[in-house]
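Beneath this line is the structure, given in C-alpha cells, with notes to follow.
The values are calculated or read from the model by the stated rules, or taken from the named source; none is laboratory data. In this text the structure is predicted, and so the values were computed from the model without any measurement. Cβ placement follows ideal geometry from the backbone for every residue including glycine, while neighbour counts extend to all protein chains displayed.
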C-alpha cells in the first residue's frame, strides 16, 4: 500500500513537471491527480495563464521556551519551513529511495527516504493562525508562463 501510494505520487509529480512547461492548444483534459474530493486537477500552464499553488504549513511550539512570544516565533518558523517544503515538492518533485531487506522470505527491514531540492521564490503568506501550540501558515505562490521563459 505504501509503495503504491508513493508510486502514484511520484507519477503525478512527474506529470506535473512535464505539463508545467507544455504550451499546447489541445482542448483535451488530462487528469494528473484526483484528490480526495474526486475532482480532476490539470496543472497546465499556457502563455496567458497563471498557476496558483496554495499550501498549509504546520509547526508545533516547543514545550520549553523563555516566553510565549518565543514559542510563537519558533512555531511560525517551523510552519513556514513546512510550507516551503510542500511548495517545492509540488513544483520540483520528490526524490524517493527505498530499501528492503528480506531474510527467509520475510521482510526484515524496510527503509524509505524522501528528499527535495529546489529554490522557492515569490511566496506570499496569506494567513497565520496559532492555537494551543500549533501554528498554521497558508502560503501561496503564483507561477506565470512569462516567469518560466525569461
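What the table shows:
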{"item": "Breaking point among (1) outside any strand (DSSP E or B); (2) under 30 Å from residue 146 (Cα atoms), for residue 127", "result": "(1)"}
{"item": "Residue among 70, 108, 86 that alone is assigned to a helix (DSSP H, G or I) and farther than 18 Å from residue 54 by Cβ", "result": "70"}
{"item": "For residue 37: the one exception among (1) surrounded by fewer than 11 Cβ atoms within 10 Å (Cβ to Cβ); (2) modelled with pLDDT under 60", "result": "(2)"}
{"item": "Residues of region 111-132 classified as surrounded by 10 or more Cβ atoms within 10 Å (Cβ to Cβ), more than 30 Å from residue 48 (Cβ to Cβ) and in contact with a strand residue (DSSP E or B) (Cβ under 6 Å, 6 or more places away or on another chain), total", "result": "4"}
{"item": "Set 142, 102: member being in contact with a strand residue (DSSP E or B) (Cβ under 8 Å, 6 or more places away or on another chain), more than 30 Å from residue 63 (Cα to Cα) and surrounded by 12 or more Cβ atoms within 10 Å (Cβ to Cβ)", "result": "142"}
{"item": "Scan of region 59-84 for residues that are buried (at least 16 other Cβ atoms within 10 Å of the Cβ) and touching a strand residue (DSSP E or B) at 6+ places or on another chain (Cβ under 8 Å), ordered by number", "result": "59, 61, 72, 74, 75, 76, 78, 79, 80, 82, 83, 84"}
